[in-house]
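Presented below is the structure to which this report refers.
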Amino acid sequence: MQRLPLAESVPTELEVWQLLLDTGREPAPDAWRLLSHEEQARARRFRHLADRVRAVATRAALRRLLAERIGVAADELAFSENAHGKPLLAGVEGPAFNVSHAGNVALIALAPSGAVGVDIERQHNDAELEALYDLLLSPSERAEHSGGQAVLPLIERWVVKEATLKALGVGIAEHLPALSVFLSSGQRNAYRLDYRLAAPPLEAWAISAPAGYTAALACADRTASEPFSTHSLGGQPCTAMAQHQ
């Protein structure tokens, strides 16, 4: 497991850790032992070995990272979920976190405050994803892609949207078209997010991923005094927004 370097515009407190998984071998016994009985049972229900490896190895790594920061034994941590299934720490204060995995790569994002989301997907060209245009794209994005004027590949927009909506902890499928993703004009590897969602300030960045994958990181400022419902709000780094509340 290694911590990934992030873009200069990403708040230094945010962390992203990458795991390269051996999806052809059963998870190590040490990883299984860190999981709760419920987590073990859920993992054993996966019919395919690769799915089981991703579930066990990622959750075990998450437990280790959280335990180091909280000072609690990794196998003693408890989790709950919000109404949309986003995992949360239960019974103890600790970092915000989010995980994503695809193929043999898993990512774990941590934030000391606010909310964080991460997503990684295997790369596909736009033609392969054309059938998903109406599900994934906002009206302005569809106009770009249908007119051959798109600056961002569809898969890149997809992972940014997934990471952002995971940070918010809301249902993903129904909100994908409500969010538009564009390159930021002032920050390298950063995005401008246009949206009409009841949401705090948001910001997103590209993450370096292994060949054949695309990944993104997003954070939401949960300290905002009231939710935002706005269009064309690029947001500020979560930590900076928190300082100005």
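Here, each number is a calculation from the coordinates, and none is a lab measurement. Everything numeric in this text was worked out from a predicted model, so none of it was measured. We place every Cβ from the backbone using ideal geometry, glycine too, and count neighbours over all the protein chains shown.
Using the alpha-carbon atoms, what tilt in degrees (0 to 90, nearest 10) does helix 154-168 show relative to the longest principal axis of the chain?
60 degrees
Would you mind computing, in nm to one decimal, how far apart the modelled labels at Glu38 and Arg142 are, each placed 7 Å from Cα along Cα→Cβ?
With each label placed 7 Å out from Cα toward Cβ, I get 3.9 nm.
Have a look at Ala57, Ala150, Ala31 and tell me which one the Gaussian network model of the chain (Cα, springs below 10 Å) gives the largest fluctuation.
Per the Cα network of the chain with a 10 Å cutoff, Ala150 tops the list.
Report, in deg cm²/dmol and to the nearest 500, the calculated mean residue ellipticity at 222 nm for the chain, where each DSSP H run with n ≥ 4 adds -39500 (n - 2.57) and the sum is divided by the residue count. Mind dumping the intermediate values first?
Details: 7 runs with 69 residues, N = 245.
-8000 deg cm²/dmol, from helical runs alone.
Search the structure for amide H atoms under 5 Å from the amide H of Tyr213, placed 1.01 Å from N in the peptide plane, and list their residues when 5 or more places away or on another chain.
Amide H neighbours of Tyr213: Gln123.
Taking trypsin sites (Lys or Arg not before Pro) as candidate sites, keep only those in a DSSP loop with at most 11 other Cβ atoms within 10 Å, then name the longest stretch of the chain containing none of them. Before the final figure, lay out each step's value.
Values: sites that count: Arg25, Arg45, Arg47, Arg188.
By the stated rule (loop sites, at most 11 other Cβ atoms within 10 Å), 48-187.
Under 8 Å for C-alpha pairs, at least 6 residues apart: give me the relative contact order for the chain, rounded to a whole percent.
Working: 498 pairs, mean separation 43.3, N = 245.
Once normalised by length, the contact order is 18 percent.
Among Pro210, Pro200, Pro177, which one moves the most in a GNM of the chain with springs linking Cα atoms closer than 10 Å?
Pro210
Check each of the GluC sites (Glu not before Pro) in segment 5-105 and keep only those in coil by DSSP with at most 11 other C-beta atoms within 10 angstrom; list them in order. Don't jump to the answer; show the numbers that get you there.
Working: sites: Glu8, Glu13, Glu15, Glu38, Glu39, Glu68, Glu76, Glu81, Glu93; in loops: Glu8, Glu13, Glu93.
When the GluC sites (Glu not before Pro) of segment 5-105 are filtered for loop state and at most 11 Cβ neighbours within 10 Å, Glu8, Glu93 remain.
If one takes the longest principal axis of the Cα atoms in the chain, at what angle in degrees, from 0 to 90 and to the nearest 10, does the Cα axis of helix 49-70 lie?
In the chain, helix 49-70 runs at an angle near 90 degrees to the longest axis.
Out of [x] 25, 22, 18; [y] 23, 23, 22; [z] 29, 22, 16, which label holds the value of semi-axes √(5λ) of the Cα gyration tensor in Å that was computed here?
[z]
Net charge near Asp75: determine it from the other residues with C-beta under 12 Å of the C-beta of Asp75, scoring Lys and Arg +1 and Asp and Glu -1. Before the final figure, lay out each step's value.
Values: positive: Arg33, Arg59, Arg63, Arg64; negative: Asp30, Glu39, Glu76.
Taking every other residue near Asp75 into account, the sum is +1.
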